[in-house]
Amino acid sequence: MKRMSGGDCSGGFIPVSRKSAAGTRDHCGLARRHPRNGHRSAVAGPTALSRTLDGPHGRCYTGRVRMILLNPKQHRRAYRDERSRELMLRTIDFFERKGKRRLKADDRARIWYADFLEFVKQEGIFATICTPAGYGAPGSRWDTWRICEFAEILAFYGLQYWYTWQVSVLGLGPIWMGRNEAVKRRAAQQLRDGGIFAFGLSEKEHGADVYATETTLFPTGEGTYTARGRKYYIGNANKAAMVSTFGKLAGTGEYVFFVADPTHEKYECVQNVVTSQNFVAEFALHDYPVTEADILAKGDEAWNAALNTVNIGKFNLGWASIGICSHAFYEAIDHAASRRLYGRYVTDFPHVKRMFVDAYARLVAMKLVALRAADYMRAASPDDRRFLLYNPVVKMKVTTQGEAVIDGLWDVIAAKGFEKDMYFEMATRDIRALPKLEGTVHVNIALIVKFIPSYFFNHAAYPPVARRDEAANDDFLFDQGPARGLGKIAFHDYGPVFAGYDLPNVALFVEQISAFRELMTAATPDEAQRRDLDFLMALGEIFVLVVYAQLVLENARPYAVDDGLVDQIFDCLVRDVSHFALELYGKPSTTPAQMDHCLRMIRKPVVDQARYERVWHDHVYALKGAYRMND
Ligand SMILES: Cc1cc2nc3c(=O)[nH]c(=O)nc-3n(C[C@H](O)[C@H](O)[C@H](O)COP(=O)(O)OP(=O)(O)OC[C@H]3O[C@@H](n4cnc5c(N)ncnc54)[C@H](O)[C@@H]3O)c2cc1C
């Protein structure tokens, strides 16, 4: 496996020294010169790394703890080029300069983020990140390695900032995937000019049922059409440079993707359907004129563009959850570790420690899984489409784990999580969105269960997939080909991945997988159960955990996650399988034979108090004072 030089995935190492338990946060808000333009940065520099971490009960812990969570004030992720590093640091700097007070005030007042979009324009951020190689300035490329982190940083500061970028990504998808070179060149120029984009797929009456799309192009002559229809829930559709709009051709019923211009008189931006800083529009096309020059794709290509765009875009929702949880975690541990009740710190309560350890273990797992899935996205080709399983796993599982993390942290910090000056207050609201958008949890599980037979029984040898951090354009993502044929995708054998770890809870998890696999072979779901979505959801949740655990293990060593933390993560995963096994047990159609297998899956994690305490001290409590956003 390839190793990076000069840093890890986001935070590098935090050296921990033996000092008193005074608990200062002197690094927060330190200023330093910006590396390029010399202006004072709002982000603390490397000096922030030399700091004291206080142990509970006045004790101190020393050592070097591998830091996998994003810490914007100790930002040292390795990049293969300077421009990538620069745009991450500039973005962090923008938000730290803006400060939490204004960030929250804008959120409360639902102010359109013109300042952020102006910054994006001045720095050419979206132009660099969202223009495939060959269409933009040097350094511009579609590079999932840096996109992951950019998404994480934006959501770390506010989902609203992430959203205006995310729907631009979606809007650009059908443009870059289509064959309309003139529109591609126009999009590249609009990105350079600071433009944002929109993805007009959803309609009010049809939700996930895209087949029922009503927006229609009526032919009006040689290569000309008039478009009629309404779209609903379309982010950025108030100000987008172009709105990629999905519809059908009158007469043939063929699908079509075309671009619409919100400034055209036949385009009506009807309303913002939400109350937030985002503009999530209802818009109407009133005999809007379309020519072949506006058309991105027709027929199967248009359909594939819709699905393949969502394939790319929905992955970013996992990163939004990771960003939200990371910021919320810093706030929560700071609050709980400084608050004294009944003469002791809140972090001394055993149940509070447990909730923090669980939240941390889940958050680290989320990040390992999403990073690993990105490797498979970048390694994808017509002969290796495994990412089509890993991607929806990120979408539905990382985002729902994000909810679990925030739920746990909120139970700890209680009233503090409501306060207007806390990032946490936004987190409690925004974390709920991510499992629901761009395909609900159900839609993604319905997709994921299609892979069960191949994952367990159709194995193939693939070249090893290393960490994919190269400065390359991800060409295949825009040339994925037909969205069908999922059942034919073969997977590498997951067995050796699990066998590579000699840890008690990994071993227990493997026994749970065996019981699940036996359920699939010895008590195979019958035809009626295979049509019963309620039954499939419970089955799918267990399967997702197997894939999720595989991705955790594949990335734990490359990211130097110590065995104690891996075993702690599997403590959670063993309990999660038990939880969903009980769900499956209780479904109306589960047979007695299947119920027996479910009972075999219900296991208690292996208890190891020393490991648990180490994770608490070295990883969790150590984050006290590690990050606080500038006021
Ligand atoms: C803030 C916000 C921003 C958005 N931005 C955009 C945007 O920019 N562009 C855009 O095109 N859309 C956008 N959307 C729309 C979003 O993608 C839809 O919400 C999504 O497609 C689901 O539709 P729905 O919420 O109406 O649920 P429905 O489709 O009405 O689903 C209802 C229920 O049926 C279940 N269900 C539906 N289909 C299936 C299935 N096949 N298998 C199993 N269960 C199923 C769902 O899980 C859900 O529980 C946005 C939505 C919101 C709220």
Neighbour-count ranking [beta-carbon atoms within 10 angstrom, fewest first] of Val243, Val497: Val497, Val243
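Reported to two decimal places, what Rg/Rh ratio describes segment 394-451 when computed on Cα atoms with Rh from the Kirkwood expression? Write down the numbers at each step before the final one.
Working: Rg = 13.7 Å, Rh = 12.4 Å.
Looking at segment 394-451, the ratio lands at 1.11.
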Violating pairs (Cα-Cα greater than 18 angstrom) within the set Lys98/Lys367; Lys204/Lys436; Lys395/Lys416; Lys367/Lys395: Lys98/Lys367; Lys395/Lys416
MRE, 222 nm, helices only [DSSP H, n ≥ 4, -39500 (n - 2.57), over the chain, to nearest 500]: -15000 deg cm²/dmol
Signed unit charges on C-beta, dipole axis of the chain, positive-most listed residue Trp162, Gly625, Met426: Gly625
Unit charges on C-beta of K, R, D, E only; dipole of segment 508-611, Debye: 80 debye
Two-site FRET efficiency, Ala293 against Ala483, from Cβ-Cβ distance with R₀ of 30 Å, rounded to 0.05: 0.70
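Given the Cα-Cα distance of Ser381 and His206 and 0.36 nm per residue of separation, how much length would full extension add, in nm?
Using 0.36 nm per residue and subtracting the Cα-Cα distance, I get 59.7 nm.
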Segment 199-308 - Rg and Dmax from Cα coordinates, angstrom: 13.0, 43
Protection proxy ranking, peptides 334-341, 384-391, 163-170, 517-524, average beta carbon neighbours within 10 Å, highest first: 163-170, 384-391, 334-341, 517-524
Binned Cα-Cα distance frequencies in segment 77-234 - 10 Å width, integer %: 9, 33, 32, 19, 6, 1
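Gain in length, Asp300 to Asp596, computed as 0.36 nm per residue apart minus the alpha-carbon separation, to one decimal in nm? Show your work: numbers first, answer last.
On the way: separation 296, 0.36 × 296 = 106.56 nm, distance 4.51 nm.
So the extension gain works out to 102.1 nm.
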Exposure proxy ranking, count of Cβ atoms within 10 Å, fewest first, for His579, His619, His351: His351, His579, His619
Length-normalised contact order of the chain in % [C-alpha pairs under 8 Å, at least 6 apart]: 15 percent
Cross-link partners of Lys488 among lysines (Cα-Cα below 18 Å; sequence separation of 8 or more within a chain): Lys450
Qualifying aspartates and glutamates (Cα of each under 18 Å from Cα of Lys397; at least 8 residues distant if same chain): Glu152, Asp358, Asp375, Asp407, Asp430, Glu438, Asp534, Glu541, Glu554, Asp571, Asp576, Glu583
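Taking a 22 Å limit on the Cα-Cα distance, which of the listed pairs Lys73/Lys239; Lys104/Lys314; Lys239/Lys266 fall beyond it? Please report the intermediate quantities before stating the final value.
Numbers: Lys73/Lys239 33 Å; Lys104/Lys314 26 Å; Lys239/Lys266 15 Å.
Table pairs above 22 Å Cα-Cα are Lys73/Lys239; Lys104/Lys314.
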Virtual spin-label span in nm between Thr521 and Arg108, 7 Å along Cα→Cβ: 6.1 nm
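Mind ordering 80-92, 470-482 by average Cβ neighbours within 10 Å, highest first? Intermediate results must be reported in sequence, preceding the final value.
Numbers: 80-92: 18.4, 470-482: 16.2.
Order by mean packing, descending: 80-92, 470-482.
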Ordering of 534-547, 178-191 by burial proxy (mean other Cβ atoms within 10 Å per residue, highest first): 534-547, 178-191
Calculated from backbone phi, Karplus (6.51, -1.76, 1.60) coupling profile of segment 620-631 in Hz, x at Gly/Pro: 8, 4, 4, 7, 4, x, 6, 8, 9, 5, 4, 5
Axial C-alpha extent at least 24 Å, average Kyte-Doolittle at least 0.0 - helices from the chain (DSSP): 159-177, 315-338, 350-379, 504-522, 533-556, 563-585
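Using a Förster radius of 25 Å, what is the FRET efficiency between Ala560 and Ala499 based on their Cβ-Cβ separation? Nearest 0.05, please.
Values: r = 20 Å, r/R0 = 0.82.
E(calc), rounded to 0.05, equals 0.75.
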Average Cα contact separation per residue, segment 199-308, under 8 Å, 6 or more apart, as relative contact order %: 29 percent
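Just how large is the dipole of segment 199-308 about the Cα centre, in debye to the nearest 20, putting +1 at every Lys and Arg Cβ and -1 at every Asp and Glu Cβ? Could you put the intermediate results ahead of the total?
On the way: 8 positive and 15 negative charges, 56 e Å.
Dipole about the Cα centre, nearest 20: 260 debye.
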Unit Cα scatterers, Debye sum, the chain: log10 I(q)/I(0) for q = 0.05, 0.08, 0.10, 0.11 Å⁻¹: -0.22, -0.58, -0.92, -1.11
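Any read-out appearing in this document is the output of simple, stated calculations on the displayed coordinates, not a laboratory observation. Owing to the predicted nature of the structure, the values given are computational and were not obtained by experimental measurement. Neighbour counts run over all protein chains shown; Cβ positions are idealised from the backbone, glycine included.
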